[in-house]
Amino acid sequence: MPSPGTPTLDQIGIFLAVVETGSFAAAGRKLNRAVSVISYGIANLEAQLGLTLFEREGTRRPRLTAEGEAVLAEARGVAQGVDALRARVKGLLEGLEPEVGLAVDVMLPAEILGCILRDFSTEFSTVPLRLWVEPLGAVAQLVLDGRAGLGIAGPAAADIEGLERLPAGSVPLVPVAAPDHPLARKARLEPGDAREHIQLVLTDRSPLTEGRDFAVSSPHTWRLADLGAKHALLREGIGWGNMPLPMIEPDLEAGALVRLALPDDTAGPYTFTAIYRPDAPPGPAAQWLMERFTAPAGKGTKEH
């Protein structure tokens with residue numbers, strides 16, 4: 001059995017125009033072609049594929065055969081792929097990045113990240129995004145290594161050299177524990193009480209800030225590299241720890257976690273900065289992202 005030939009993009013366009021308009025004449029008007037050219041193009045496509053795509057006998061309007069229905073989905077996929085290719089090339093010619101690498105601190109509220117990236121996908125539909133969500137110094141490490149062109153980093157990156165910085169808001173960091181934890185059950189907490197209990201601490205996967213502690217009060221610590229795991233262990237009553245308020249507000253409302261009124265609380269606000277290497281400034285798409293993350297309240301994002 002002979003193999004099918006390779007249709008041209010023009011033949012595929014004619015085929016789709018006939019399907020979409022319902023007739024050879026209407027397809028000719030849409031494409032500004034003579035009906036004979038449309039008919040010839042379909043005949044050549046059928047010859048290339050070795051299939052009959054339209055029923056022409058006994059009907060005023062061409063109807064797709066079963067084979068034509070099967071080919072239609074593939075033809076649409078080819079056309080969409082070509083459209084995507086042209087849009088991508090247009091973006092590259094206009095100076096858009098071939099890909100944007102974004103690294104964000106794990107403490108950044110998911111609602112803010114999701115809102116900005118949803119708008120990004122609409123504004124820059126042809127630009128692929130590579131996203132990392134990392135703790136502490138790992139965000140700065142990804143930017144310094146050149147894997148991410150833009151980072152939204154926490155306080156751990158504040159004194160790391162080789163980075164440009166712009167303020168990008170903050171979230172309250174609050175100490176919490178499960179309601180049956182001894183610290184939560186105590187009527188009044190005294191200075192030093194938290195030191196007697198296990199503190200769950202987010203650890204760093206980056207050598208940039210390895211070995212440094214941030215807002216650690218207790219000598220008894222469990223170190224975790226995942227904020228979700230820390231959240232789960234806090235809910236189970238295994239120690240106490242500092243968490244970004246937006247992440248645990250539902251737990252506070254439901255009573256699954258209790259906010260601790262520690263008199264010697266050192267957590268405070270968790271500040272974010274947009275960071276990039278001065279020798280690799282953000283392109284148009286990454287610049288748009290940076291402006292959204294650093295926008296003040298009322299100019300694109302809720303204050304964070």
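The values are calculated or read from the model by the stated rules, or taken from the named source; none is laboratory data. None of the values given here were measured: they were computed from a predicted structure. No Cβ is skipped: glycine too gets one built from the backbone with ideal geometry, and neighbour counts run over all protein chains shown.
Go through the stretch 195-205 and give me each residue that's out of contact with any Asp or Glu (no Cβ under 6 Å at 6 or more places or on another chain) and assigned to a loop (DSSP other than H, G, I, E, B).
His197, Ile198, Thr203, Arg205
May I ask you to list pairs of residues, at least six apart or on different chains, whose Cβ atoms are under 8 Å apart, with the first in the stretch 225-247 being farther than 18 Å from Ala184 by Cβ and the second being hydroxyl-bearing (Ser, Thr, Tyr) and at pLDDT 90 or above?
Pro244/Tyr270
Kindly provide the set of residues from the stretch 29-43 that are within 16 Å of Arg60 (Cβ to Cβ) and among the small types (Gly, Ala, Ser), ordered by number.
Ser39
Please find, among Leu252, Leu289, Leu245, Leu233, the residue that is surrounded by fewer than 20 Cβ atoms within 10 Å (Cβ to Cβ) and farther than 21 Å from Ser218 by Cβ.
Just a single option satisfies the conditions, and that option is Leu252.
Looking only at the stretch 24-57, count how many residues are under 16 Å from Leu72 (Cα atoms), touching a helix residue (DSSP H, G or I) at 6+ places or on another chain (Cβ under 9 Å) and not in a helix (DSSP H, G or I).
Of the residues in that region, 5 qualify.
Scan (1) in contact with a Lys or Arg (Cβ under 9 Å, 6 or more places away or on another chain); (2) more than 30 Å from Leu144 (Cβ to Cβ); (3) surrounded by 20 or more Cβ atoms within 10 Å (Cβ to Cβ); (4) modelled with pLDDT under 90 for the single condition Leu202 breaks and write down its number.
The single condition Leu202 does not satisfy is (2).
Could you go through the stretch 121-136 and let me know if any residue there is touching a Gly at 6+ places or on another chain (Cβ under 6 Å), farther than 18 Å from Pro167 by Cα and assigned by TED's automatic domain parsing to the domain that holds Pro278.
Within the stretch 121-136, one or more residues are touching a Gly at 6+ places or on another chain (Cβ under 6 Å), farther than 18 Å from Pro167 by Cα and assigned by TED's automatic domain parsing to the domain that holds Pro278.
For the stretch 178-194, which residues satisfy the criterion of being surrounded by fewer than 14 Cβ atoms within 10 Å (Cβ to Cβ), touching an Asp or Glu at 6+ places or on another chain (Cβ under 9 Å) and either at pLDDT 90 or above or closer than 27 Å to Leu108 by Cα (or both)?
Pro182
How about the stretch 130-164: which of its residues are more than 27 Å from Leu224 (Cβ to Cβ), surrounded by fewer than 22 Cβ atoms within 10 Å (Cβ to Cβ) and touching a residue at least 12 places away in the same chain (Cβ under 8 Å)?
The answer is Gly146, Gly162, Glu164.
Scan the stretch 29-47 residue by residue and report those that are surrounded by fewer than 21 Cβ atoms within 10 Å (Cβ to Cβ) and small (Gly, Ala, Ser).
The answer is Ala34, Ser36, Ser39, Ala43, Ala47.
Anything in the stretch 263-286 that is small (Gly, Ala, Ser), surrounded by fewer than 17 Cβ atoms within 10 Å (Cβ to Cβ) and within 23 Å of Glu161 (Cβ to Cβ)? List them, or say none.
Ala280, the sole residue that qualifies.
Of these, Pro175, Pro167, which one is surrounded by 17 or more Cβ atoms within 10 Å (Cβ to Cβ) and in the same structural domain as Asp226 (by TED's automatic domain parsing)?
Just one listed residue meets the conditions, Pro175.
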